[in-house]
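The values are calculated or read from the model by the stated rules, or taken from the named source; none is laboratory data. Because the structure is predicted, anything quoted here is derived from the model rather than measured. Cβ atoms come from the backbone with ideal geometry, glycine included; neighbour counts cover every protein chain shown. SASA here: full protein model, heavy atoms, side chains in, ligands and nucleic acids out. Shrake-Rupley method; radii C 1.70, N 1.55, O 1.52, S 1.80 Å.
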Amino acid sequence: MTEIRSMQLQNVAVFGASGTIGAALIRELADRHPLANIHGISREPVVSESLPPKVKLHELDYADSDKIKVFSEGFFQQYGSLDLIVIATGVLSAISKNPEKSVEHITESELLENFRINTVIPTLIFKHCFTLLSNAPTPTFAVLSARIGSISDNRLGGWYAYRMSKAALNMFIKTASHELRRKNKHSVVVGLHPGTVKTKFSERFIKNTTKNCFTPETAAQQLVNVIGNLTPPKSGRLFAWDETEILP
Ligand SMILES: NC(=O)c1ccc[n+]([C@@H]2O[C@H](COP(=O)([O-])OP(=O)(O)OC[C@H]3O[C@@H](n4cnc5c(N)ncnc54)[C@H](OP(=O)(O)O)[C@@H]3O)[C@@H](O)[C@H]2O)c1
């Protein structure tokens, strides 16, 4: 965060704490903000050895909207507000082995499940954490999106479910930014493109290129830099790892 915003960070929540980028983000945020309460949230108990001991781990089944509600109400009782929420959940393909190369690979089940995970879950987390965010002095809600989910970037086609669910996520980000701004004019809601990051699922797609392919640690450093430079005029927009704006 910039000097001013970083000093105001008290409570931070990263959803998707067991993920490659989510875990790296937690480590980076804990490093840079030693005084903040860093909360890692995951569907399953996270392997805590990979995370700094000060990080508070929470188990939460995002599939159940009521459970997110109960979680946020408990959080409200204990902490009152959240200065920064990062949503690091998401899947390339939810059910199918690979993303669709062409129309014959499209299935209803993949479209629906991909949309549920990539678009619906972040939207429900925003809904239930809205009061926590509104109460913070300079709240930030940052969601990992993807460049290839932007209509402006679609030159090759394919990967239907992923592209569509992330494009819809980008619309959610814009819509959410308006509503949170009305509650708190210092707020920021953004989508972030981490770049291509070496993870279990990306390995098979990136083996032929070394260009702009980041380790999770580098990706996390870059993303935390981008988050640190966010200001309210940037709300509702999508930014890449190098702070360049991506048109939705
Ligand atoms: N890796 C890349 O090159 C790349 C590029 C562009 C964008 N991104 C975006 O960055 C985000 C994180 O990606 P990653 O590479 O860190 O992936 P990852 O290691 O597979 O982690 C993704 C996280 O998503 C959550 N998740 C997985 N399946 C889910 C399900 N069925 N229901 C609910 N949550 C589920 C899990 O969170 P918990 O198990 O902790 O709950 C998991 O840890 C994604 O949104 C992805 O689209 C990644």
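Per the conditions (1) within 15 Å of the ligand (Cβ to nearest atom); (2) in a helix (DSSP H, G or I); (3) under 24 Å from Glu44 (Cα atoms); (4) within 16 Å of the chain's Cα centre (by Cα), the sole criterion not satisfied by Lys67 is (4). For the stretch 71-107, a residue qualifies if it is in a loop (DSSP other than H, G, I, E, B) and either among the charged types (D, E, K, R) or open to solvent by 50 Å² or more (accessible area, probe 1.4 Å) (or both), and the qualifying residues are Asp83, Ile95, Lys97, Asn98, Glu100, Lys101, Ile106, Thr107. Ala13 is checked against (1) away from the ligand (no atom under 11 Å from the Cβ); (2) without any contact (Cβ under 8 Å) to a residue 24 or more places away in the chain; (3) not in a helix (DSSP H, G or I) and fails just one. What number does that condition carry? The number of the failed condition is (2). Answer yes or no as to whether Leu25 is open to solvent by less than 30 Å² (accessible area, probe 1.4 Å), part of a helix (DSSP H, G or I), within 14 Å of the ligand (Cβ to nearest atom) and in contact with a Pro (Cβ under 9 Å, 6 or more places away or on another chain). Here the answer is yes, as Leu25 does meet what is asked. Tell me, yes or no, whether the stretch 109-131 has at least one residue that is closer than 20 Å to Gln77 by Cα, open to solvent by less than 10 Å² (accessible area, probe 1.4 Å), part of a helix (DSSP H, G or I) and of a type in the set (A, V, I, L, M). The answer is yes, given that some residue of the stretch 109-131 is closer than 20 Å to Gln77 by Cα, open to solvent by less than 10 Å² (accessible area, probe 1.4 Å), part of a helix (DSSP H, G or I) and of a type in the set (A, V, I, L, M). Residue pairs whose Cβ atoms lie under 6 Å apart, separated by 6 or more positions or on different chains, with the first residue in the stretch 219-233 and farther than 19 Å from Thr196 by Cβ and the second within 15 Å of the ligand (Cβ to nearest atom) and open to solvent by 40 Å² or more (accessible area, probe 1.4 Å), do not occur. The set of residues from the stretch 134-161 being open to solvent by less than 30 Å² (accessible area, probe 1.4 Å) and under 15 Å from the mean Cα position of the chain (by Cα) comprises Pro139, Thr140, Phe141, Ala142, Val143, Leu144, Ser145, Ala146, Gly149. Taking the stretch 136-248 and the helices (runs of 4 or more DSSP H) fully enclosed by it, the elements with 3 or more residues that are β-branched (Val, Ile, Thr) are at 216-228.
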